[in-house]
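Structure record follows, encoded as structure tokens.
Here, each number is a calculation from the coordinates, and none is a lab measurement. Note that this is a predicted model, so its numbers are computed, not measured. Using ideal geometry, Cβ is built from the backbone for each residue, glycine included, and neighbour counts are taken over all protein chains shown.
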Amino acid sequence: MTTSAGTTSIGTTPTGTASIGTASTDAPPLDAPLLDHLYVHGYSPHESRRLGDQADTLAEILHTGTAYPAGSKVLEVGCGVGAQTVHLVAASPQAHFTAVDISAASLAQARARVTAQSPDAQVTWHQADLFELPVKDAEFDHVFVCFVLEHLPSPQEALAALRRVLRPGGTLTVIEGDHGSTFFHPDSAYAHAAIDCQVQLQHAAGGNALLGRQLHPLLTAAGYERVEVRPRPVYADRSRPALVEGFTRNTFIAMIESVREDALAAGLMTPTDWDHGLADLRRTAEPDGTFHYTFFKAVAVNP
Ligand SMILES: C[S@@+](CC[C@H](N)C(=O)[O-])C[C@H]1O[C@@H](n2cnc3c(N)ncnc32)[C@H](O)[C@@H]1O
């Protein structure tokens, strides 16, 4: 995907490290509505909160095994509001991070979040399109990408483009979900239909909410080697109240709820059937309900 968003830096690290690219700390953030077509969930405060809840709740499940050596240069692509960045810097406090997003407004939130939680973190913030990163070839030792490829019409091209900035022998870590991995109790055809609305809307926006299962073939086709994909399941029942609240309610159900108007406007469900589906979905977070979802985490080497 190419956009006209440009490659303007939004500043420096908290410790003052110069940012790569065109310094422009006073550049106005891109207007969120302009970018909404790039990201099916949009850039609202509600979505920022949802991304934070998601990352914090899933940190142990998703970030276990990801730690970068002291002094290594790590690029996080599509950092959004910094929800994953805070966990990356906590696990690798001596690594040097560069965090990139196409949305200046999200980057500003990311910077505030990381500065508040880890004031000593070494992070350079950069507004850029991942297809046109203004950095030298082989600049980074490692690249981290979480929940970004699923929103791109050409994820394989994105993975190939990231090889340019990754040194030979460097690693790429990719995390994606797959809505087809969702099952729950009590089961409900209406709830599955509501989830399928999200899958269809994301597809219509050029993305793929079923991308997790494709990570291995995509990485292989993009030229990576030693590709390893591991499922990271999330299962929530009353014995795990933090997951019921943080994942089932505040991450997954909140995501489906957020597409109500778009789903109805597209005629994908009637309002009555939608409300039935959402009521059934909320039922899975009640004390006698259960919920399952699988994320996929890939690590691959740039030959
Ligand atoms: C679902 S959010 C994920 C944010 C973060 N990685 C997380 O897990 O919380 C996807 C992010 O990718 C960014 N994005 C989408 N297309 C991009 C592109 N071509 N270049 C850079 N960032 C992009 C969006 O602006 C958005 O912030």
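Among D120, D273, the ranking by other beta carbons within 10 Å of each residue's beta carbon, starting with the fewest, stands as D120, D273.
The mean sequence separation of alpha-carbon pairs under 8 Å and at least six residues apart, normalised by the residue count of the chain, gives a relative contact order of 21 percent.
For the chain, the membrane-span-like helix rule (DSSP H, alpha carbon extent of at least 15 Å along the helix axis, mean Kyte-Doolittle at least -0.5) picks out 104-117, 155-165, 189-204; this says nothing about an actual membrane.
DSSP beta bridges confined to the chain are antiparallel in about 50 percent of cases. Rounded to 0.05, the FRET efficiency of the R282 and Q200 pair, given R0 = 22 Å and the Cβ-Cβ distance, is 0.55. In the elastic network of the chain, a GNM with C-alpha springs shorter than 10 Å, the most mobile of A90, A285, A105 is A90. Fewest-first ordering of T66, T272, T98 by other beta carbons within 10 Å of each residue's beta carbon gives T272, T66, T98. Which of L210, L107, L219 moves the most in a Gaussian network model of the chain with Cα springs under 10 Å? Maximum among the listed residues: L210. Amide H to amide H, with H built 1.01 Å from N, R232 comes under 5 Å of F295, F296, K297, counting only residues 5 or more places away or on other chains. Below 15 angstrom from the Cβ of P119, what's the summed charge of the other residues (Lys, Arg +1; Asp, Glu -1)? So the environment of P119 carries a net charge of +1. Summed over qualifying helices (DSSP H, 4 residues or more, each -39500 (n - 2.57)) and divided by its residue number, the chain shows a 222 nm mean residue ellipticity of -10000 deg cm²/dmol. Each residue of region 235-251 is assigned a 3J(HN,Hα), and the resulting list reads 10, 10, 9, 4, 6, 10, x, 5, 6, 4, 6, x, 9, 4, 7, 7, 9 Hz, derived from the Karplus form 6.51 cos²θ - 1.76 cosθ + 1.60 (θ = phi - 60°), x at Gly and Pro.
FRET efficiency for the E157 to S72 pair, using the beta carbon distance and R₀ = 30 Å, is estimated at 0.70.
Gain on full extension, evaluated as 0.36 nm per residue between R164 and H185 minus their Cα-Cα distance, stands at 3.1 nm.
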